Amino acid sequence: MHSIAELGGDLLLVGHALVGRQDLPLPEWLFIYGAVMVLIVSFVGIAIAWRRTLFAQQPWRPLPSWVSAALLNPVVEAVCGALGVFLLGLVVWSGLEGTEAPDRNFSIVFVFVTVWLGFVILSVLFGDLFRAFNPWRAIARAAGGMFKLVAGQSPPPALRYPERFGRWPAAVGVGAFVWLELVYGQSGFQAVGLTPHTVAVATLAYSAYTFVAMALFGSEKWLERGEAFSVYFSMFASLAPLEVRERRLGRRRPLSGASAWVGAIPGSLALILVTIGATTYDGAAEGVLATPIQSVNDWLADAGLGPLAVLRISGSLFFAAVIGFVAAVFWAGISGMHTVSAAADERRDELTTGRLAQRFAHAFIPIALAYLLAHYFSLVVFQEQAQFGYLLSDPLGDGSDIFGTAANGIDYGTLSANAIWYVQVGALLVGHMVALGLGHDRALEVYGDSKLATRSQYWMLAMMISFTALGLALLSQANQ
Amino acid sequence: MSATAKLAVAGLTVVAAGVLFFVLQGDEDQPQPAAVAQTTSTTDSGGDGQKPEPDKPKPEPPEVATIEIEGGQPVGGVEELSFSEGEAIRFVVESDVAGHVHLHGYDVIQDVAAGDSTEFDVPATITGVFEAELEDSAVPIAEITVEPN
């Protein structure tokens with residue numbers, strides 16, 4: 001028997017179970033630099049704030065029509081969709097049939113790194129690419145096409161999607177996915193929580209759930225509102241400089257899509273806060289929360305629970321608590337903003353805290369992105385070497401060598417600790433600046449060109465500084 | 001504020017950011033030579049007069065840490081070892097069971113026979129935090145930190 005202290009002493013989260021290398025904590029000087037820069041940037045941001053809104057309109061200019069014709073045609077769509085379906089099948093197959101060693105099996109790296117993190121980066125750069133590769137959408141479209149061929153009309157959705165649910169199903173879905181990775185999947189002492197087999201089963205279950213929901217509410221509706229991956233990546237795609245409108249690809253001002261993405265749709269804010277909260281939990285669970293988690297573990301173990309149950313119950317509690325904490329910080333800031341407008345503005349009834357929260361939510365998408373980059377940048381760089389090296393040629397980990405790259409491992413020398421640190425601090429600082437800019441722009445729109453806009457922004461600023469400082473603090477902690 | 005003034009403020013900020021970066025980064029590098037200088041001076045004064053603590057000025061001999069494995073478990077839990085880039089990662093694993101010791105990241109695997117030991121001596125070229133584990137049972141035995149210079 002092993003004591004629970006040993007058990008909790010070396011928690012490895014899934015991402016870290018994959019890698020043979022973890023990031024070093026930020027050195028003190030870089031932490032101080034980052035913190036000082038946050039303050040300087042904030043005050044300069046206020047000093048040089050613009051007077052006209054830059055992002056209220058969303059100018060969009062189409063690219064030459066041959067570009068759209070080349071990229072957005074049925075052939076490309078079919079090829080991308082087929083590739084997506086093939087890869088979904090490969091995840092299930094390698095998960096069920098392949099090795100149980102998480103780092104040697106195609107499924108875990110592909111789902112949690114290549115897709116989950118890779119498409120965030122691709123979406124921000126190139127727009128909503130996931131839509132093209134989404135295997136569930138491809139299957140639904142193929143099935144719908146078949147139905148039309150036989151019945152002569154498109155299948156009508158069985159139910160009307162209740163609009164008040166908004167993006168809540170997606171927010172819950174993203175929360176569940178990250179919970180699977182970080183809480184359910186944590187491996188304790190000699191107990192691997194998340195096996196490739198679990199990933200395959202979860203993929204099948206999620207696929208079944210998605211098909212049922214698409215059949216009930218119509219596939220396009222569900223992809224816009226409920227399908228967790230589509231909604232999650234479309235959130236990051238809203239920052240991109242490229243957008244498809246009416247089947248034409250066009251350029252727009254980067255970041256200008258964010259506020260339209262949030263719109264008046266319920267649950268959008270929840271998704272943003274879940275995203276920030278999940279990354280915060282991943283960082284904090286090994287640092288500042290390691291000791292409290294250990295206490296809860298001990299307490300639960302004393303109550304007679306088994307090792308994995310202990311890890312999962314305490315993990316779930318802290319996961320929920322961290323998301324709650326992030327939401328509370330956000331809500332406190334918005335409430336402060338509300339007091340500013342309520343005191344002086346005749347529109348106090350119109351600008352309730354809830355409405356303000358909805359109208360300023362989009363400014364936090366860049367912060368969610370910055371958190372992801374700061375925490376997982378090195379993981380992506382290292383694991384993609386595995387993905388396109390040995391995992392490509394040997395997806396099951398059974399010794400095959402399909403493309404002759406089975407011997408290509410990960411070169412951990414590709415990124416120095418210094419390079420990783422600079423990317424981390426740089427991501428947080430740029431995210432902070434962009435968030436401030438979007439917040440200021442929205443304040444101008446909401447309050448007009450008045451002192452109120454600036455005063456309301458002090459609360460916004462306090463919130464942004466809190467989140468950026470929290471991000472820096474998480475990175476500067478040594479793993480425990 | 002005019003557009004030119006705004007540009008000037010933004011430009012100055014960028015310059016300040018750069019200067020601050022190098023000033024702070026330099027600060028971090030300084031303590032190392034400073035500490036060395038201090039150690040040498042204490043050694044000198046220790047040689048001249050009587051020093052109450054003779055153990056302090058000794059330039060610590062590179063002691064090799066030994067990780068003992070009993071019943072497939074590291075005695076005293078996961079050992080934390082720290083090295084600097086450019087040094088050698090050195091440690092000894094003494095085990096009462098046969099197995100393979102895997103130093104992750106560097107991907108060095110060494111066999112150890114039951115009741116025997118194996119010594120790792122690997123150039124510390126990659127920075128980061130790495131794990132050493134008993135490969136067959138996946139039991140972590142050491143966490144190795146390599147700090148950049």
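The values are calculated or read from the model by the stated rules, or taken from the named source; none is laboratory data. On a predicted model such as this, the values are computed, not experimentally measured, just so you know. Glycine also receives a Cβ, built like all others from the backbone with ideal geometry; neighbour counts cover every protein chain displayed.
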Within region A:430-449, residues being buried (at least 22 other Cβ atoms within 10 Å of the Cβ) and either among the small types (G, A, S) or closer than 13 Å to A:F467 by Cα (or both) number 6
Just one listed residue, out of A:A151, A:A143, is without any contact (Cβ under 8 Å) to a residue 40 or more places away in the chain, of a type in the set (G, A, S) and closer than 21 Å to A:Y206 by Cβ, and it is A:A143
Taking region A:19-73 and keeping residues part of a helix (DSSP H, G or I), more than 9 Å from chain B (Cβ to nearest Cβ) and not hydrophobic (A, V, I, L, M, F, W, C) leaves A:G34, A:S42, A:G45, A:S65, A:S68
A:A170 fails exactly one of (1) surrounded by fewer than 16 Cβ atoms within 10 Å (Cβ to Cβ); (2) in a helix (DSSP H, G or I), namely (1)
Going through (1) β-branched (V, I, T); (2) touching a residue at least 24 places away in the same chain (Cβ under 8 Å); (3) away from every other protein chain (no Cβ under 14 Å); (4) farther than 29 Å from A:V115 by Cβ one by one, A:T353 fails only at (2)
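Quick check, is A:V288 outside any helix (DSSP H, G or I) and within 19 Å of A:Q57 (Cα to Cα)?
Judged against the criteria, A:V288 is not a match.
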Expected single match for out of contact with any Pro (no Cβ under 8 Å at 6 or more places or on another chain) and either modelled with pLDDT of 85 or more or under 25 Å from A:I32 (Cβ atoms) (or both) among A:S450, A:S393 is A:S393
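Give region B:111-120 a look and list any residue that's part of a strand (DSSP E or B) and loosely packed, with under 14 Cβ neighbours inside 10 Å, or say none. Quick ask: steps written out before the conclusion?
Step one: of region B:111-120, the residues part of a strand (DSSP E or B) are B:111-112, B:116-120.
Residues satisfying the conditions are B:D111, B:D116, B:E119.
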Across (1) modelled with pLDDT under 95; (2) part of a helix (DSSP H, G or I), A:S154 clears everything bar (2)
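When you scan region A:390-408, how many residues do you find that are closer than 17 Å to B:Y106 by Cα and surrounded by 14 or more Cβ atoms within 10 Å (Cβ to Cβ)? Working first, answer last.
Within region A:390-408, the first condition is being closer than 17 Å to B:Y106 by Cα, and the residues that meet it are A:390, A:407-408.
If we keep only those that are surrounded by 14 or more Cβ atoms within 10 Å (Cβ to Cβ) as well, we get A:390, A:408.
Going through region A:390-408 one residue at a time, the tally reaches 2.
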Sole miss for A:A285 among (1) in contact with a strand residue (DSSP E or B) (Cβ under 8 Å, 6 or more places away or on another chain); (2) crowded, with 21+ Cβ neighbours inside 10 Å is condition (1)
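B:G72 - would you say it is under 16 Å from the mean Cα position of the chain (by Cα), closer than 21 Å to A:A101 by Cβ and within 12 Å of chain A (Cβ to nearest Cβ)?
Criteria not met by B:G72.
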Open item on the list: Please verify whether B:G105 is out of contact with any Ser or Thr (no Cβ under 9 Å at 6 or more places or on another chain), buried (at least 21 other Cβ atoms within 10 Å of the Cβ), not in a strand (DSSP E or B) and not aromatic (F, W, Y), treating the condition exactly as stated.
Closed with: yes
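Given the criterion assigned to a loop (DSSP other than H, G, I, E, B) and within 27 Å of A:A285 (Cβ to Cβ), identify the matching residue among A:L180, A:L194. Give the steps one after another, and end with the answer.
Values: A:L180 fails: assigned to a loop (DSSP other than H, G, I, E, B).
Of A:L180, A:L194, the one residue that is assigned to a loop (DSSP other than H, G, I, E, B) and within 27 Å of A:A285 (Cβ to Cβ) is A:L194.
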Going through region A:199-216 in order, the residues found to be hydrophobic (A, V, I, L, M, F, W, C) and either in contact with a helix residue (DSSP H, G or I) (Cβ under 6 Å, 6 or more places away or on another chain) or under 15 Å from A:P135 (Cβ atoms) (or both) are A:V199, A:A200, A:A202, A:L204, A:A205, A:A208, A:F211, A:A213, A:M214
Scanning region A:92-108 for residues that are within 23 Å of the chain's Cα centre (by Cα) and surrounded by fewer than 21 Cβ atoms within 10 Å (Cβ to Cβ), the one modelled with the highest pLDDT turns out to be A:V92
Filter region B:93-120 for residues that are charged (D, E, K, R) and away from every other protein chain (no Cβ under 11 Å); the one that is farthest from B:N149 (Cα to Cα) is B:D96
Exception for A:Q358 within (1) at pLDDT 90 or above; (2) in contact with a Phe, Trp or Tyr (Cβ under 9 Å, 6 or more places away or on another chain); (3) under 18 Å from A:W459 (Cβ atoms) falls at (2)
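Residues in region B:121-149 that are assigned to a strand (DSSP E or B) and facing another protein chain (nearest Cβ under 9 Å): how many? Spell out the reasoning first.
Going through region B:121-149, the residues assigned to a strand (DSSP E or B) turn out to be B:121-123, B:128-134, B:139-147.
Of the ones still in play, those that are also facing another protein chain (nearest Cβ under 9 Å) are B:128-131, B:139-140, B:143, B:145-147.
The total comes to 10.
Residues checked against (1) surrounded by 14 or more Cβ atoms within 10 Å (Cβ to Cβ); (2) of a type in the set (D, E, K, R); (3) modelled with pLDDT under 85:
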residue: A:H2; (1), (2), (3): no, no, yes
residue: A:L30; (1), (2), (3): yes, no, no
residue: A:G45; (1), (2), (3): yes, no, yes
residue: A:A56; (1), (2), (3): no, no, yes
Next on the checklist: I'd like to check something: does region A:181-203 contain any residue that is at pLDDT 95 or above and either in contact with a Cys (Cβ under 8 Å, 6 or more places away or on another chain) or among the aromatic types (F, W, Y) (or both)?
Outcome noted: no
